[in-house]
1. How high is the relative contact order of chain B, in percent, counting Cα pairs under 8 Å that sit 6 or more residues apart?
2. Apply the Karplus parameterisation 6.51 cos²θ - 1.76 cosθ + 1.60, with θ equal to phi minus 60°, to every residue of the stretch A:149-160 and state each ³J(HN,Hα) to the nearest whole Hz, in sequence, with x for glycine and proline.
3. What dipole magnitude, in Debye to the nearest 20, does chain C give about its Cα centre under +1 on Lys/Arg Cβ and -1 on Asp/Glu Cβ?
4. Which whole number gives the average count of other chain Cβ atoms within 10 Å of the Cβ atoms across peptide B:164-176?
5. Using a 10 Å cut-off around each Cβ of peptide B:181-192, what is the average number of partner chain Cβ atoms that fall inside?
6. Before I look further, what does the stretch B:1-152 give for accessible area per residue, probe 1.4 Å, in whole square angstrom?
7. For peptide C:28-34, what's the mean number of Cβ atoms from other chains within 10 Å of each residue's Cβ?
8. Tabulate in residue order the Karplus-calculated ³J(HN,Hα) for the stretch B:163-173, using 6.51 cos²θ - 1.76 cosθ + 1.60 with θ = phi - 60°, rounded to whole Hz; enter x for Gly and Pro.
Amino acid sequence: MTANLLQLNIADGVARITFNNPPVNVMSGSLMRALKHLLHELSGNKEVQVIVFDSANPDFFIAHVDINILDEQEILDELQQSAPEGLNLFQAIGEMIRAQPQVTIVKLKGIARGGGAEFVAAADLSFAALESGKLSQCEALMGIIPGGGATQYLSEKMTRGRVLEVILGADLFDAATAADYGWINRAIPGAAVDTFVDRLAAHIAALPAGVIAAAKKVLSPVRNIEGFKSENEGWQSLVFQPRTAEIMTKAMQNGAQTVAGELKIEELLRSI
Amino acid sequence: MTANLLQLNIADGVARITFNNPPVNVMSGSLMRALKHLLHELSGNKEVQVIVFDSANPDFFIAHVDINILDEQEILDELQQSAPEGLNLFQAIGEMIRAQPQVTIVKLKGIARGGGAEFVAAADLSFAALESGKLSQCEALMGIIPGGGATQYLSEKMTRGRVLEVILGADLFDAATAADYGWINRAIPGAAVDTFVDRLAAHIAALPAGVIAAAKKVLSPVRNIEGFKSENEGWQSLVFQPRTAEIMTKAMQNGAQTVAGELKIEELLRSI
Amino acid sequence: MTANLLQLNIADGVARITFNNPPVNVMSGSLMRALKHLLHELSGNKEVQVIVFDSANPDFFIAHVDINILDEQEILDELQQSAPEGLNLFQAIGEMIRAQPQVTIVKLKGIARGGGAEFVAAADLSFAALESGKLSQCEALMGIIPGGGATQYLSEKMTRGRVLEVILGADLFDAATAADYGWINRAIPGAAVDTFVDRLAAHIAALPAGVIAAAKKVLSPVRNIEGFKSENEGWQSLVFQPRTAEIMTKAMQNGAQTVAGELKIEELLRSI
C-alpha cells in the first residue's frame, strides 16, 4: 500500500516522498499509517540526510484529512494507541515529522488544506510555488477548529492576530501572503522552485557529518503539551456535533473530495 | 455620551463601533469610560460575533490619549479602581479588548498614535489602508515610554529590534512597513479595505456556533503581568517629570490636538 | 591597537565605531579585545546615547572569526576568563553588546558572516544597504554549527524553519530576504542608508533624559542560558574534529581571508 500512496526515491542522501492518493490526495488513515511506517524506516537510515515531500498531483499537495476517515476505524485505533501521551492521532503525525532525524522539506506546488496544511507547518522547511502553492485552515467552515497541531505550529510562526485570521477567516492563502506571514519559508516563482529545493536539499545532504544532528538538537522544537491538549479539547468539543456531521455529509454530496469541488472548497462549504 | 463619542451599528452579527471625538479623536477619559461600558454591554450580547472598530474622521483613527486627561481625574479614578490587579488604567483598556468574547477587528484608515496605536495592537485583527493608515508610538518625544501595553503587545508581534526602533525612533510608520513588521495583519489598498474587512467580518460572524469561542480559548493571549508592571514602572518613573509636563504644555500651545498639528506631531514635538 | 582596528568618532551623543582590520575585517582575538575595552569605556560615558557600528571596508562588515584565531591563545584565555558564567568567549561578545546601556545600531553595507553575522544579530537595531548588505551563517560548511549566539539570537527573530534554512543552507542572504525573515530591521537602498541611520541615531540621541534607559530596561533581552549552553555543546562537539581542521586549512590555502576568496567563500568551502 505504501508503494501506491507514497512514492519513494532515494538518491545522494535525499529521500523524496511523493504523495499519490487520487483524485485529490486526501489524508486517509491508510496514508497516515503508510507515512508513519515509511518515516520510521527512514529514521534508521543513515544514508538519508534530507527528506523532500512533494505531490504527484499538480493541483493538490494534500487536500485535507479524508472526510470519510471514520470508515477506517481500525487504523485510527492503531494510530491513536501508538500516539505519544497527551496527543491525539492527528497531532501525533505532526510531532512525528518534527522528531524525524533528517531535515524535512515540503515543496508545495498545489493546495494544502486542514491536516495537509498542518503537515506543511510541521515540516522543518517549506517552499511554495508563487503561482500555485496555497494553504488553508478551513476547518472553521465545517464547524470545528483545527485539531492536528495548527494552533500550536502557526502560533510559533506568525502573530496571534494572523493565526486568528487564518483559522477564523478560513480562506485559501496564496504563497506570497503565506511567506509574508511566516507560514512558509519562501514563495518562489514556480519555474524556479524545483531548482531551489533540489539545490538546498543537495547542499544540506552534503554537509560534513554531525552538523545536521547538532543543529537539529540545539534548535529542537518545544512541544507545549498543554497547548496540544487545549487544542484537542476545543476540537473534540465541536467535532461530534450534529451540525458538523451535517456539513460534512452535504459537502460530500456537493463535490468535496473531487477535483472540481476541492478547487473551491471554501465556497462550497460556505454555501451549505 | 456614548452616543456622541462612539457610534454603534449592529447588523448580521457584526457590531461596528465608530470613534467620533472631534477634531482628532483623542482618547479622553470620557471616551475610555464610554468604550468600557459599551464593550461590557456587548460582551453579553450573544447576537454579536464580531466587533469592527473604525473612525468617523478620515485622518485620525485615535490621535492618542488626551493630553488634558488629568482634567478628568474623577473618571480616571473610577477606571483605575476597576482595573485588574497589577494593571494601570490604560493597560486595562487593552486587556479589556483582548478579553472580549467577540472577534475584534480594527479598520485603520487614518493615524493612530500612542494610546490609539496601543488600541490597534490590542485588537485581535487589524487591517490598514495602504495609503492612509499609519501608526506611531511617539511617547518618547514627550519624555516617556508607552504605558498602555505597547511594550508587551509589540513584543508579541515583532522582533525586539523593531520594537526598539518603533519606540525610540518614535516615527510615524506607514501601513506597508507596519505589515512587514507584523504590527498589523495586512496593508490593503484603500479602495479595497472596506470590502476586505466587511467580507471577513461577515464570514466570521457566519461561522457555525462554538467555533469562535473554541478558537479564542485555545489562542487566548498570555498576560505577562510582570511585563505590564515593568512597563508601568518605566512609564511612571518618567511621566511626572517637569520636562514631560513642559513638553506637553508647549505641544498644546504649538498645535497638538488640532488637525494641522496632529498631522505632523512628531515634527512638532521634536522642535520643542 | 584599538586605534588601528577600531576607529572611534563621537559627536552629538552618537559614537561611531568603524571596523578596520584589512583586508576583510576578520574578527581576530585582538579585535575582540579592543572592542571589549572600547565598549566598557563607552558604557560609563554619559555623553553617548547611541553607538553606530560600520566598516572601513566597502565589501565586508566583519568577514567572520579569524580562522587563525588559535594563534592568539593568550587573548582567548583572557576573554574566556572574563566571560559570564555559562557563556563561551564568542557568546560573551554578543551578550556584552546586548548589555550595553546605549542603543546599538549596525549599518551593514557589506558582508557579515559567521561571528560577524552574530555581531549584527546581537546589536539592538540593524539596517542594511539593499544592494550590498549581506549575511551568512556559513559555519556548517566548515563542519560546525554557529557557536557565538546565532542559534539563540536568530530564534528570537525568525521562525525555526528559517533559522534551520539559514544555518543548514549556509547561503549568503541578500538584505531584502534578511529583512523579510526579521534578521535585520530593514533593507534600505544604498544611496539612502547613511541618511536613514544618521537621522535615526540623531533622533534617539536627542530624546529627553531617561527614555532610552527606561525603554531598554522594559525591553531587556532574555538570556536563555540553557540555550547558550546547548549551542556551545553542539559547537564544541564538532569544532575539534579532524575534518573541520582540514577544511579550515584548505580554505586558507584556497583563498579564505583574502578579498577574492571571501567574496565567494560559500562556493570555496563547498568545493573542498
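1. Rounded, it is 19 percent for chain B.
2. For the stretch A:149-160, the Karplus-derived couplings read x, 4, 4, 7, 5, 5, 5, 6, 9, 9, 5, 4 Hz, x marking Gly and Pro.
3. Details: 22 positive and 31 negative charges, 117 e Å.
The dipole of chain C has a size of about 560 debye.
4. On the way: counts 11, 10, 1, 8, 15, 9, 5, 3, 0, 0, 0, 0, 0.
That works out to 5 on average.
5. Details: counts 5, 8, 2, 3, 9, 6, 0, 0, 0, 0, 0, 0.
Partner-chain Cβ atoms within 10 Å, mean over residues of B:181-192: 3.
6. Details: 5120 Å² over 152 residues.
It amounts to 34 Å² per residue over the stretch B:1-152.
7. On the way: counts 0, 0, 0, 0, 0, 0, 0.
Counting other chains' Cβ atoms within 10 Å and averaging over C:28-34 gives 0.
8. Rounded to whole hertz, the list is 4, 4, 4, 4, 7, 8, x, 6, 9, 7, 9.
The values are calculated or read from the model by the stated rules, or taken from the named source; none is laboratory data. These figures come from a predicted structure and were not determined experimentally. Here the Cβ is made from the backbone with ideal geometry for all residues, glycine too, and neighbour counts use every protein chain on show. The accessibility values were calculated without ligands, DNA or RNA, using every heavy atom of the protein model including side chains. Shrake-Rupley method; radii C 1.70, N 1.55, O 1.52, S 1.80 Å.
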